[in-house]
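Bear in mind that the values in this text are calculations on the coordinates, not laboratory data. Being a predicted model, the structure only gives us computed values, none of them experimental. No Cβ is skipped: glycine too gets one built from the backbone with ideal geometry, and neighbour counts run over all protein chains shown.
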Amino acid sequence: METNDLEKDLERLLSAYREKTKGPKIRSLNTELNYLEARKAAEPYGGLPTNALHQKTLVETDEWKSPELKGYYPAFAREMSIYPKAGETMKKGEDVIDALDDNGRKWVYPSYCIPDEAIGKAGKALMVNPRKIIEEEKEVTIIANPYKDVTVLSNFPQSTGWTQTFGADNHVWRLSGAGVRPLLRDFDGFGGCGDRRDVGVGYRFGFWFGVGYESLIEAPQNLESLTIGKLLETLKKH
């Protein structure tokens with residue numbers, strides 16, 4: 001094969017690889033921590049992975065099978081889930097307080113952080129990207145901008161147990177009482193139902209799960225910057 005043909009093949013390979021790997025990836029910190037500790041551990045790297053990235057990794061692709069993520073799941077997402085007691089609604093001027101305590105501390109989501117569209121309506125819950133978490137001796141308060149950091153969920157399950165929601169390939173477990181809970185993602189780690197993907201919104205605060213972060217891997221932009229060593233190193237990460 002002539003040199004120019006080889007270069008063309010490499011250019012095509014590089015272009016295909018760049019297209020395949022663009023966008024953020026989940027990288028594991030190879031540790032397990034509770035939610036608050038996990039947030040702090042991931043902060044220097046840009047924060048915990050978002051639920052959307054977990055969704056892409058677990059449901060929309062087979063990236064969760066990669067060697068990098070072997071043993072990583074179940075793992076925390078960046079967001080938290082906020083929901084009222086089963087059969088009830090979130091009320092104007094009323095904080096959402098988790099039904100269980102965390103070693104004597106309450107987890108609280110203030111009423112002023114609840115969007116108007118979620119108040120007084122059945123089946124509503126929130127997915128919240130906390131802007132700030134205030135830890136005090138008796139209370140953990142979750143602060144969010146209701147119009148920037150909050151997604152209102154409809155048809156949220158109203159009873160304890162596994163319920164299909166968040167899309168056809170996802171199942172969710174919730175408490176019967178009100179929840180101010182870390183969002184947990186997994187691939188059938190607890191239910192034994194084959195190809196199911198799990199969205200946990202009811203696990204206790206002190207439980208330890210996998211910790212990761214979002215990493216934007218840049219492929220080389222041209223052949224001049226690409227060496228065999230760099231190519232092999234990059235390919236091993238995927």
Kirkwood Rh, angstrom, region 46-121 [1 / mean 1/r, Cα pairs]: 15.2
Sum up the charges of everything whose Cβ sits under 11 Å from the Cβ of Gln158, counting Lys and Arg as +1 and Asp and Glu as -1, but leave Gln158 out. +2
Determine, for Asp149, Asp186, the number of other Cβ atoms within 10 Å of each Cβ, and report the residues in order from fewest to most. Asp149, Asp186
Among the GluC sites (Glu not before Pro) within region 55-120, which fall in a DSSP loop and have no more than 15 other Cβ atoms within 10 Å of their own Cβ? Glu88, Glu94
